[in-house]
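S.K.: One structure follows; several queries about it will come next.
The values are calculated or read from the model by the stated rules, or taken from the named source; none is laboratory data. Owing to the predicted nature of the structure, the values given are computational and were not obtained by experimental measurement. Cβ placement follows ideal geometry from the backbone for every residue including glycine, while neighbour counts extend to all protein chains displayed. For accessibility, only protein heavy atoms count, side chains too; no ligands or nucleic acids. Shrake-Rupley method; radii C 1.70, N 1.55, O 1.52, S 1.80 Å.
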Amino acid sequence: MQTFKELCELRYSVRNYTSEPVTEEQLDYIMECARLAPSAVNLQPWHFYVVSTPEGIAKLQQCYKRDWLSTAPMCIVCCIRHDEAWVRRIDGKEHGNIDIAIAAEHICLAAAEQGLGSCWICNFDAARCHELFALPENEEAAVIIPIGHPQPDAEVPEKNRKAMQEIRD
């Protein structure tokens, strides 16, 4: 059994996938892990769209113009429901972005545990995504996560992380 640290070390941003599909069991497991993610005041202000058709992936490519995206057999569009997010009273800070980030990372780590690859995509046209997928007014597409089997010959990038003494006091 892997430790959590080993799982974190294993996970990297995959940008080239095989055509092998993600099984329903794997997807169910991944989404159950997202469902279990913590959120501020347990409000769970999120909604997830599984995009797995060629037409759906083509729509996502209109929002994120990278050829490699078409190699992923599926993507999960992680959305914030701002009207359901907790707002800190003292300064008005809404925590929907934090909550969706926690759930999205649960998705990525669950995918890694299942032997699948993933990649955070935040640099996309969220307004275009909202339009193309006819998302409800209260939802914002915050993260797109492609998921699939990494190409076996893909180069695994080195994890270049700051030293512990640079991030901890």
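S.K.: Go through TRP46, TRP120 and list them by solvent-accessible area, largest first, probe radius 1.4 Å.
M.R.: So the residues, ranked largest to smallest area, are TRP120, TRP46.
S.K.: Just how much of SER13 is accessible, in Å², when a 1.4 Å probe is used and the result is rounded to the nearest 10?
M.R.: 40 Å²
S.K.: Quick one: net charge around ILE167, please, counting Lys, Arg +1 and Asp, Glu -1 for every other residue with C-beta under 15 Å from its C-beta.
M.R.: Around ILE167, the charge tally is +2.
S.K.: Which value, in Å² rounded to 10, gives the accessible area of THR53 with a 1.4 Å probe and all protein chains present?
M.R.: 70 Å²
S.K.: In the chain, what cysteines have no partner Cβ closer than 4.7 Å?
M.R.: So far as the 4.7 Å Cβ criterion goes, CYS8, CYS33, CYS75, CYS78, CYS79, CYS108, CYS119, CYS122 stand without a partner in the chain.
S.K.: Further question on the same structure: Per-residue ellipticity at 222 nm for the chain, helices alone: DSSP H runs ≥ 4 residues times -39500 (n - 2.57), over residue total, nearest 500 deg cm²/dmol?
M.R.: -10000 deg cm²/dmol
S.K.: Please state, rounded to one decimal and in Å, the Kirkwood hydrodynamic radius that the chain gives when every pair of distinct Cα atoms enters the mean of 1/r.
M.R.: After inverting the pairwise mean of 1/r, the radius is 16.9 Å.
S.K.: Sticking with this one: Might you report the magnitude of the Cβ-based charge dipole of the range 92-169 about its Cα centre, with Lys and Arg at +1 and Asp and Glu at -1, to the nearest 20 debye?
M.R.: 260 debye
S.K.: Of THR53, MET164, PRO73, which is farthest along the charge dipole of the chain in the positive direction, counting Lys and Arg as +1 and Asp and Glu as -1 at C-beta?
M.R.: MET164
S.K.: So how far apart, in nm, are the two label points at PHE4 and ARG128 if each is 7 Å from Cα heading toward Cβ?
M.R.: About 3.8 nm separates the two model spin labels.
S.K.: Can I ask one more? Would you mind calculating the relative contact order of the chain from Cα pairs under 8 angstrom and at least 6 residues apart, reporting the percent as a whole number?
M.R.: The normalised contact order for the chain reaches 33 percent.
S.K.: Okay, next question. Given the C-alpha centroids of the range 90-169 and the range 11-60, what is the distance between them in whole angstrom?
M.R.: So the separation of the two Cα centres works out to 10 Å.
S.K.: Can you give the charge dipole size of the range 51-98 about its Cα centre, rounded to the nearest 20 debye, using +1 on the beta carbon of Lys and Arg and -1 on the beta carbon of Asp and Glu?
M.R.: That gives the range 51-98 a dipole magnitude of about 120 debye.
S.K.: Further question on the same structure: Whenever you get a sec, line up MET31, MET164, MET1 from highest to lowest accessible area (probe 1.4 Å, protein heavy atoms). Can you show the working numbers first?
M.R.: Working: MET31 45, MET164 115, MET1 225 Å².
Descending order: MET1, MET164, MET31.
S.K.: Next up: Which value, in debye to the nearest 20, gives the size of the charge dipole of the chain about its Cα centre, when Lys and Arg are +1 and Asp and Glu are -1 at the Cβ?
M.R.: Working: 16 positive and 26 negative charges, 93 e Å.
Dipole size: approximately 440 debye.
S.K.: With each label point set 7 Å from Cα along the Cα-Cβ vector, what nm distance links LEU36 and ILE167?
M.R.: Going from the LEU36 label point to the ILE167 one covers 2.4 nm.
S.K.: Less than 24 Å apart at the alpha-carbon level, and either on another chain or at least 8 residues along: which lysines does that give for LYS159?
M.R.: LYS5
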